[in-house]
Amino acid sequence: MSFDTQNINKQRQNLDSYEQIWVFGYGSLIHKVDFEYIQRCDACIYDFARRFWQGSHDHRGTVDAPGRVLTLVPSTGERLFGAAFQVNKEVFAHLDHREKNGYLRHEIDIFVSQTDAQTDSAEKKVKGLVYVGEPDNVAYLGEASIEHIAKQIYSSVGPSGANKDYVYALADALRIHNEPDEHVFAVEAALLALEE
Ligand code: BEZ
């Protein structure tokens, strides 16, 4: 599989039948929103966990010294917090370009939180898309110890900035939403130890 997944993604789902579609963000999409959307809601998906197992050769690292960014791995019973955006299908050209380094779009059930006058809040299940870097993509780095992941992230920088800032921004966003994530917080703590 090539590094650039834009053409594969274009062919994976026929978005022509949709006016609007939901996309689920579990990483930088939670706090770095550089696209137009119709509505944004807190949301979750089930049976997946976040891991810093995907290589970043284009944003938070380089081809010679890749950084580590998030992908999803199956994790039965897990609830994963994120953000759901309802977008016009044209937004996928931008997202496919932004996330072209090995990520493929997958259809997924998204549980969207909606404030409801009667019940305070309610969850609605919608079908949407999520970007996943699977183990067979060439940018995949895979499992490693928290210390190894933190060391690699600590020393990586790419066109979008320092890899460690990607982790700190996500950890801060999860704290703001009161949605702790064991893996993210463990990598953040290991990075902070390296700063000392
Ligand atoms: C996200 O921020 O949710 C995201 C993570 C990996 C690839 C694309 C988007």
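The values are calculated or read from the model by the stated rules, or taken from the named source; none is laboratory data. Bear in mind the structure is a predicted one, so any value in this text is a computation, not a measurement. All Cβ positions, even for glycine, are placed from backbone atoms using ideal geometry, and neighbour counts span all protein chains on display. Note: areas computed on protein heavy atoms with side chains; ligands, DNA, RNA excluded. Shrake-Rupley method; radii C 1.70, N 1.55, O 1.52, S 1.80 Å.
Quick notes on this one:
- Check on residue 139, surrounded by fewer than 19 Cβ atoms within 10 Å (Cβ to Cβ) and farther than 16 Å from residue 29 by Cβ: no
- Selection of region 151-196 for residues being among the β-branched types (Val, Ile, Thr) and open to solvent by less than 40 Å² (accessible area, probe 1.4 Å) yields 153, 167, 184, 187.
- Taking first residues from region 99-114 that are within 12 Å of the ligand (Cβ to nearest atom) and partners that are polar (S, T, N, Q) and open to solvent by 30 Å² or more (accessible area, probe 1.4 Å), the Cβ contacts under 6 Å between residues at least 6 apart in sequence or on separate chains come to 100/6.
- Selection of region 140-176 for residues being in contact with a Gly (Cβ under 8 Å, 6 or more places away or on another chain) and in a loop (DSSP other than H, G, I, E, B) yields 141, 156.
- Subset of region 35-50 that is part of a strand (DSSP E or B) and within 14 Å of residue 131 (Cβ to Cβ) - its residue that is most open to solvent (accessible area, probe 1.4 Å): 48
- Matching option when the condition is open to solvent by less than 40 Å² (accessible area, probe 1.4 Å) and outside any strand (DSSP E or B), among 104, 95: 95
- Within region 55-85, considering residues that are away from the ligand (no atom under 15 Å from the Cβ) and within 26 Å of residue 178 (Cα to Cα), the one surrounded by the fewest Cβ atoms within 10 Å (Cβ to Cβ): 77
- The condition of being free of Cβ contacts under 8 Å to residues at least 40 places away in the same chain and within 14 Å of the ligand (Cβ to nearest atom) holds for only one of 24, 48, that being 48.
- Take the conditions (1) modelled with pLDDT under 95; (2) on the phi > 0 side of the Ramachandran plot; residue 114 misses just one of them, which is (2).
- Filtered residues of region 13-34 (kept if buried (at least 17 other Cβ atoms within 10 Å of the Cβ) and out of contact with any Lys or Arg (no Cβ under 8 Å at 6 or more places or on another chain)): 23, 24, 25, 28, 29, 30
- So residue 148, is it out of contact with any strand residue (DSSP E or B) (no Cβ under 8 Å at 6 or more places or on another chain) and either loosely packed, with under 15 Cβ neighbours inside 10 Å or without any contact (Cβ under 8 Å) to a residue 24 or more places away in the chain (or both): yes
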